[in-house]
1. If you project the alpha carbons of region A:53-207 onto the principal axes, what extent comes out on each, in Å, largest first?
2. Rolling a 1.4 Å sphere over the protein heavy atoms, what is the accessible area per residue of region A:62-286, to the nearest Å²?
3. Under the √(5λ) rule applied to the eigenvalues of the Cα gyration tensor, what semi-axes describe the equivalent ellipsoid of the protein assembly as shown? Give them in Å, descending.
4. Go through B:Lys50/B:Lys174; B:Lys77/B:Lys253; B:Lys170/B:Lys253; B:Lys50/B:Lys244 and tell me which ones have a Cα-Cα distance over 25 Å in this structure.
5. Which value, in debye to the nearest 20, gives the size of the charge dipole of the protein assembly as shown about its Cα centre, when Lys and Arg are +1 and Asp and Glu are -1 at the Cβ?
6. If we restrict to alpha carbons, what Rg and Dmax does region A:15-105 come to, in Å?
7. For B:Lys191, go through the aspartates and glutamates and keep the ones whose alpha-carbon is under 17 Å away, minus same-chain ones fewer than eight residues off.
8. With N set to the number of residues, divide the alpha-carbon radius of gyration of region A:2-41 by 2.2 N^0.38 Å and report two decimals.
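The values are calculated or read from the model by the stated rules, or taken from the named source; none is laboratory data. All values reported here derive from a predicted model rather than from experimental measurement. All Cβ positions, glycine included, derive from the backbone under ideal geometry; neighbour counts span all protein chains shown. Note: accessible area is taken over every heavy atom of the protein model, side chains too, but ligands, DNA and RNA are not part of it. Shrake-Rupley method; radii C 1.70, N 1.55, O 1.52, S 1.80 Å.
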Amino acid sequence: MRRTKEHAVEIFFVFSAYFSALLTVVIFGFMLALGLPLLAEGRIFSIMTQPWAPHLGQFGIQPMIVGTLAISLLSMLFAFPLSLGCAILISVVSRGTVSWLLRKMVEMMTGIPTVIYGFVGIFLLVPLVREFFAAGSGMCVLSAALMLTLLVSPTMILFFCESFARVPDSYGKAVLAVGGTEIQKFFHVTLPNSWPGVVIGFTLALGRALGDTLIALMIAGNAVQTPNSLLDSARTLTSHIALVFAADYESLEFKAIFACGIFLYLFTTILVMAVRLLGVGRERWAR
Amino acid sequence: MKTRVTAVFALVALSLFFCSGAFAAALDAFKGEKGEIRIAGGTAHIPVMKEAAARIMGLNPDIQISIAGGGSGVGVKQVGEGLVDIGNTGRTPTEDEVKQYSLQMFKWAIDGVAIVVNPANKIRSLSQDQAAAIFAGKITNWKEVGGDDKQINLYTRDEASGTREVFWEKALKKGDIAATANVIVSNGAMKGAVSQDPYGIGYVSVGHIDETVAPVAFNGIEPSMENVKEGKYPVARGLFSNTKGEPAGLVKKFIDYLFTEEGQQIVVEKGFISVQ
Amino acid sequence: MGEVRRLQEAGVLVFSWLCGVLLLGAVIAVIGYLFVHGWRSISLSLIFGATPPLDALLMKRHVFNGLFPAVVGTLSLIVLSVCWAIPIGMASGIYLAEYAGAGTKAFLNLFFDILAGLPSIVVGLFGFSAAIFLNRLFPGSIHPCLLISSIALAFLVLPYIIRTTQMALEGLPLSARLTALSLGASKLQNITHVLLPQSLSGIVSGVILAIGRCAEDTAVIMLTGVVASAGVPRSLFSHYEALPFYIYYISSQYTDREELATGYGAAIILLCICMVLFLTAFVIKRQVSYHALYRA
């Protein structure tokens, strides 16, 4: 009796694990099944290259793909050096309480809700950008990228710090022994030995930037154009889903948002694969 | 003198009594009812819906009324698919929509769609040609229409919007709307966006206009309620609530309530024109 | 040569401090802005409007012009989502840590990593389309609502709970594993009576971070049933309000200064909820940083 009961519980464990894994596949299956009619009609190319103009029968998501890449890559361009600098500050330059305090503040930042960045973005950042550049409404690629920078930096900083800390101390002893400074030790020993961690941190943060909805939705302006400048209004794939999701369920508009879903799914999956391929991935993200 | 004051008091008291009596009667229909009404769609409707819901739910806590936006297109689809009970539209549902979903339409207010700018902007009047050129992105600087030397920031609505459809058809004569325009998801948000942007231009339900935005005369006609009412202002439309098939039960009572004296008074208070 | 090196070092020093000041300055600006503009609106009437708090809590009267429905909505979401996610998530974590072989583990973890990396709007879109699909199958029974949102959110936080459970169990020392087994306990008894209690702090801190995610996520719920105005949800099949969506909604649709002030108030409340959750997780288990990394 006890055996069968134990067995039942163990079956539940197995079931749960495979159920959760299957969920990942089912989500993709849904996107594919609902978006496929559009992709299968040989329209995949037009979807990727056309603009979005439903009244003209064009359901391309090219502006949104460009918008997503522009906003997330620009935010990474800001966030990467910023995070590297902060990570150096925390792990190399500062000591003791200062380092501890900085680290705790960065950890706290990971808990700030996205919608708060969007909210403050609307009332603080957008007017500043509008007045400073005197071009456009301030709702633009730049504003969204700046706020996203705040969102993704903590992830990168903490990851960088962890991978610096992983480099065995003995490696650096030699540098210090011949009279090198901590900073020299960092550049000659720590950084070269932790670059996979740095790349993984970057990749994870990029995934976060690509997948964020609220900041772009609230402050990027959502225009359906391919942005030509940093001050142009733009729409991301995520915002596009949020803006169009309730259209006619039979329409091509509705199917096109599943194409957005498929793209986002593939983008983030590729990034996750990249992290795992960088080998060490598993232990690294885990601890 | 004293008797006159007393008489006035009596009159006021009496009229208050009758008013409250009439109001209570309109809400009486909801006494003892229980259940949920789900409303989605047109965003111009939201202030009226909210007020009606507040009064009904205030009287009877067993009733829950949920109100979502999304735009007219969303309203039609969601009510048609049975996801909500009432789908609001700021345009007349198309014949196809009515047929496909056997929609019942209830037009409970008349509204207009007006061009608005920030109050800091001097421009208060635009011709049809100017408006069409601005929204098509052909005129890009305010000085070209007599304003400051500043870039024009366009704001438009999403494709599900009835307000966009009416504006596009009646004001822009189906002309292009530039892809550079920022896309806003509701009437309320449009007002907010234009009130924040000194160089912005957008279009909004006339009922939503307040001191935070400046209405712009269209072809010399002010988008005032009077002009909409008298049919002088061309960009006018009805506000509809639609149900799938004949409404029944609580949903019917809600729609009936919109057409009572009290319901229509809410319509007027929120800046729209009563249908009665 | 030495001169150049010294300049380089000074450069690094200046750069890193500049980055630190820039980042913290920006965050302090964001939070400070919120508090400076919003602290005045923090009061009991922010939550309850004009309704007496007791009546609102006893559900005798609806609250208008207050955050009460949004707060209740967010709390219901949290409770429901965590209820769905904990059994499945912990069971999966236990399976990974205690039963699965290395190959199976790597295989399953790939899926959990992908699930963890999915943008929340994609999960929301899945929830929405699943609801439409079910509505087609069983007309009139299912539509976007509290239940659908909470299930979708549970999917979103599932990887957190799986991962923290697995990590906490795997982190236990060998001695802790063997004692009970050597005394004749079965494998399952060992897990439930010895291993799980010992790894509880790790699991709980993971659950708390999952709660934080449920509290702040907006993208999932905006596709699956949250609305601008609904009152307190009466059932699992009701539309509902939630704090993060309220903040998003008010940010663009406020009609007057007062309404905007409630938006600031809601933002402060949400921020405080998330910070408190974060601190709790931190106190329970010092090593929060890896959880922090684990959110996409």
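1. 71, 31, 28
2. Values: 7090 Å² over 225 residues.
Per residue, region A:62-286 has 32 Å² of solvent-accessible surface.
3. On the way: eigenvalues 476, 223, 136 Å².
Those come to 49, 33, 26 Å.
4. Numbers: B:Lys50/B:Lys174 32 Å; B:Lys77/B:Lys253 22 Å; B:Lys170/B:Lys253 34 Å; B:Lys50/B:Lys244 21 Å.
Among B:Lys50/B:Lys174; B:Lys77/B:Lys253; B:Lys170/B:Lys253; B:Lys50/B:Lys244, the Cα-Cα distance tops 25 Å for B:Lys50/B:Lys174; B:Lys170/B:Lys253.
5. So the dipole magnitude of the protein assembly as shown works out to roughly 1760 debye.
6. Looking at region A:15-105, its Cα Rg and Dmax stand at 22.4, 63 Å.
7. B:Asp111, B:Asp158, B:Asp210, B:Glu211, C:Asp256, C:Glu258, C:Glu259
8. Rg over 2.2 N^0.38 Å, computed on Cα atoms: 1.90.
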